[in-house]
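The structure under discussion appears below in the form of structure tokens.
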Amino acid sequence: MAIEITMPALSPTMEKGTLAKWLVKEGDNVESGDVIAEIETDKATMEVESIDDGVVAKILVPEGTDDVPVGQLIAVLAEEGEDVADVDAAPSHAAVVPTPAQEEAEVPVKETAVSVVSVAVADPAVPEGTNMVKLTVREALRDAMAEEMRKDGDVFVMGEEVAEYQGAYKVTQGLLDEFGPERVIDTPITEHGFAGLGAGAAFAGLKPVIEFMTFNFAMQAIDHIINSAAKTRYMSGGLVQCPIVFRGPNGAASRVGAQHSQNYASWYANVPGLKVIAPYDAADSKGLLKAAILDPNPVVFLENELMYGESFEVPELDDYVLPIGKARIFREGADVTIVSYSITVGEALKAADKLAEEGISAEVIDLRTIRPLDIETVIESVKKTNRCVVAEEGWPQCSVASDVSAQLMEQAFDWLDAPVTRVNSVDVPLPYANNLEKAAVVSADDIIRAAKAVCYAE
Amino acid sequence: MTTKKSTKKTTAPARRRTKQPAQYNASNDELVEFYEQMLLIRRFEEKAGQMYGMGLIGGFCHLYIGQEAVVVGIQTALKDGDSVITGYREHGHMIAAGSDPKAVMAELTGRSGGCSRGKGGSMHMFDPERGFYGGHGIVGAQVSLGTGLAFAAKYRKTDNVGVAYFGDGAANQGQVYESFNMARIWNLPVIYIIENNQYAMGTSVNRSSSEIELHRRGESFRIPGKQVDGMNVLEVRAAMDEAVKHCRDGNGPFILEMKTYRYRGHSMSDPAKYRSKEEVQKMRAEHDAIDQIKERILDAKILDEAGLKEIDKKVKAVVAEAATFAQECPEPALSELYTDVLA
């Protein structure tokens, strides 16, 4: 059978080209890989190689022809043993027609949020009479890791100063003593490298907990968090999993300057394939970090340095695991919903106290998980209060607050009596000076002002 | 920065190259197997190039033609449980790992029968059952990931090794050295295969590298390295056997620099104007990996021309079947858009 040579596509975008020159003539012998023609595209002159061994039987498009469409028959080769004169120059197929999709269905309506969770998901009931213990957030995080490491030998902790130094912020205190250096591993200062190493270990089925001394340093490693950890499952059609936790302090601490103070919640929340958690208190830190370690997906777990030393009541249970993707109504109220997460929940609660003194009843929702985002809980609250303020220590543009506002506009527009208002940090790199830093971050007063505004109160 | 008119630096002599490099003592059957595998990869890639030209394959498509001896020599030295990872020029690695050529070609055409069910494409193929972990598009990323795969082998107290392939271009990425450092301080069983095909897209090693003897790049990490003629499958295999033994014996990482050459452009849309046709032709004519092994088979009278022709036919049939499958197989169902994002 004759071998058909068609006008090749030589770049992802090429649709037609100029057949500049034939380097063979009819009757020539060619071997697979021989250059037979030159084609000019909009970008370059490219060589066309023969796709098979044979004799050039017919040249159908003369050199110098412009705008030859990709897929058009340009020459025919006779195969070994075939008579050149017998070769039929008529194309056996017109042009390349892409195979239709399995289903010629209409394009589906695009879903804006794929990773949603069911509203039915709820925190596990804490049995009555359960002993409550006071734990710092730091201790709660440590306990979460230790409990999961005791249960599963595949869980290990890796990062800078996590072992012998006992953690730069002492979050991994005691882990080295209990689990040894094979499972609690000090790394060199190599964020890009150990984030990638962790992701590779997770491909192999281990469950790494990678600590960044702060998420500001994870900027060095963000390629592995996104391109390697978050996307591989999808790119492999589900063949390769990456059960890994990236954790560490996030956001501003106290007067550590612009490069150590950024909140990355909205950055990671933008990425399908990741789960993003940012707890406020100790119980949630414990229950959600355990859930993150148990989760088969890559999880970004954003802590806050200023919260590490804060104490909260934590239920004394053998295995306290909270659902990822479920917001928590921290305080019920009727007049305005204040949505927040991480350290700013504390400011929101302070604001709610003060607002109550002025006769405004605020409901405070802690998102806890940023992706998947539990917008249902927020909507349900807004249906009751008809007003919403979203408070977030972080820059305003493309923030988590922006996204909550947009979703409320799309899904709860008819329930709103005032525009959803964002309360974010000031849109500047965080300054060092005490007064400037205070002015830049979100305070309870900022939230109170916004809450009063949406309530049209003085 | 000013560029000198001549970009060629004086090439330093290969300091560590042994005068008579070891050759793997292959049995007759193994020689034929190497020949068949290399030929399958080449014919597969030629077909892929052709199908790209026909518009059946989209996006970027990086062909492995010319480098076949590297992957065949390396892969045949591995055992079950060993892991392999590489960059985006990985069709040959999939085939050498034993993946079904039909699934590889159908991934290239973006069909439901592709190894990633059409969601990965040319650069993102995986076969973890055969120890192959991709298929990564960010230059150098596979080096850290592959070091992590080797970390897992050690963590689990196996004697398995991890192989991380990367090119001469990736050899200049920072994370490669972060990985070297960790691999050495933790003695990880990882073999770094530098496929030095001498051009990082259009930039030659001489223009991009202060130390062009890439096997020496591990010296400041105390990682042994060796330069190998990557066009000779028997030298590749012999060097790999040594590296594998070094790793399985618990001695930590090893670097093999494979001096190889790609005949085609960096990707299908690369006119390759940065090198002369004569240079390419010389490599093809004098150093071709498949021709070398073919001569050996004929000289040793293991097979005659007719016997080799039979193999050619068999390989051609496998490739033709893959090409047909890849065109007839339907595109993924639209519902696939939303699956495999999360477990």
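The values are calculated or read from the model by the stated rules, or taken from the named source; none is laboratory data. Since the model is a prediction, treat every value here as computed from it, not as a measurement. Please note: Cβ atoms are built from the backbone with ideal geometry, for glycine as well, and neighbour counts cover all protein chains shown. Ligands, DNA and RNA are stripped out before the accessible areas are found, and what is left, the full protein with its side chains, is counted by its heavy atoms. Shrake-Rupley method; radii C 1.70, N 1.55, O 1.52, S 1.80 Å.
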>> Checking the conditions here, which among B:ALA322, B:ALA333, B:ALA326 is touching a residue at least 60 places away in the same chain (Cβ under 8 Å), open to solvent by less than 80 Å² (accessible area, probe 1.4 Å) and in contact with an Asp or Glu (Cβ under 7 Å, 6 or more places away or on another chain)?
In response: B:ALA333
> So which residues in region A:216-247 are open to solvent by 10 Å² or more (accessible area, probe 1.4 Å), out of contact with any Pro (no Cβ under 8 Å at 6 or more places or on another chain) and either more than 7 Å from chain B (Cβ to nearest Cβ) or more than 12 Å from A:PHE203 (Cα to Cα) (or both)?
Replying inline: A:ASN216, A:PHE217, A:MET219, A:GLN220, A:ILE222, A:ASP223, A:ILE226, A:ASN227, A:LYS231, A:MET235
> Can you tell me which residue in region B:183-211 is least open to solvent (accessible area, probe 1.4 Å), limited to those that are part of a helix (DSSP H, G or I) and among the small types (Gly, Ala, Ser)?
Replying inline: B:ALA183
>> What's the number of the only condition in (1) more than 7 Å from every other protein chain (Cβ to nearest Cβ); (2) open to solvent by less than 10 Å² (accessible area, probe 1.4 Å); (3) of a type outside the set (Gly, Ala, Ser) that A:MET213 fails to meet?
In response: (2)
> In region A:385-457, which helices (runs of 4 or more DSSP H) lie fully inside it and hold 2 or more residues that are surrounded by 13 or more Cβ atoms within 10 Å (Cβ to Cβ) and touching a Lys or Arg at 6+ places or on another chain (Cβ under 8 Å)?
Replying inline: A:400-411, A:444-454
>> Testing B:TYR88 on (1) open to solvent by 10 Å² or more (accessible area, probe 1.4 Å); (2) in contact with a strand residue (DSSP E or B) (Cβ under 9 Å, 6 or more places away or on another chain); (3) in a helix (DSSP H, G or I); (4) under 24 Å from B:THR203 (Cα atoms), one condition comes back false. Which one is that?
In response: (3)
>> Can you go through B:ILE290, B:ILE255 and tell me which one is within 12 Å of chain A (Cβ to nearest Cβ) and at pLDDT 95 or above?
In response: B:ILE290
>> Being in contact (Cβ under 8 Å) with a residue 24 or more places away in the chain, hydroxyl-bearing (Ser, Thr, Tyr), surrounded by fewer than 20 Cβ atoms within 10 Å (Cβ to Cβ) and away from every other protein chain (no Cβ under 11 Å) is the requirement here; does A:THR45 meet it?
In response: no
>> With under 21 Å from B:TYR155 (Cβ atoms), more than 12 Å from every other protein chain (Cβ to nearest Cβ) and modelled with pLDDT of 95 or more as the only criterion, which of A:VAL171, A:VAL184 stands out?
In response: A:VAL184
> Which of (1) away from chain A (no Cβ under 14 Å); (2) open to solvent by 10 Å² or more (accessible area, probe 1.4 Å); (3) more than 30 Å from A:MET46 (Cβ to Cβ) does B:SER220 not meet, given it meets every other one?
Replying inline: (1)
>> For B:GLY174, only one of the following conditions fails: (1) surrounded by fewer than 22 Cβ atoms within 10 Å (Cβ to Cβ); (2) under 19 Å from the mean Cα position of the chain (by Cα); (3) closer than 23 Å to B:GLY137 by Cβ. What is its number?
In response: (2)
> Which ones in region B:130-141 are out of contact with any strand residue (DSSP E or B) (no Cβ under 8 Å at 6 or more places or on another chain) and either more than 8 Å from chain A (Cβ to nearest Cβ) or in a strand (DSSP E or B) (or both)?
Replying inline: B:ARG130
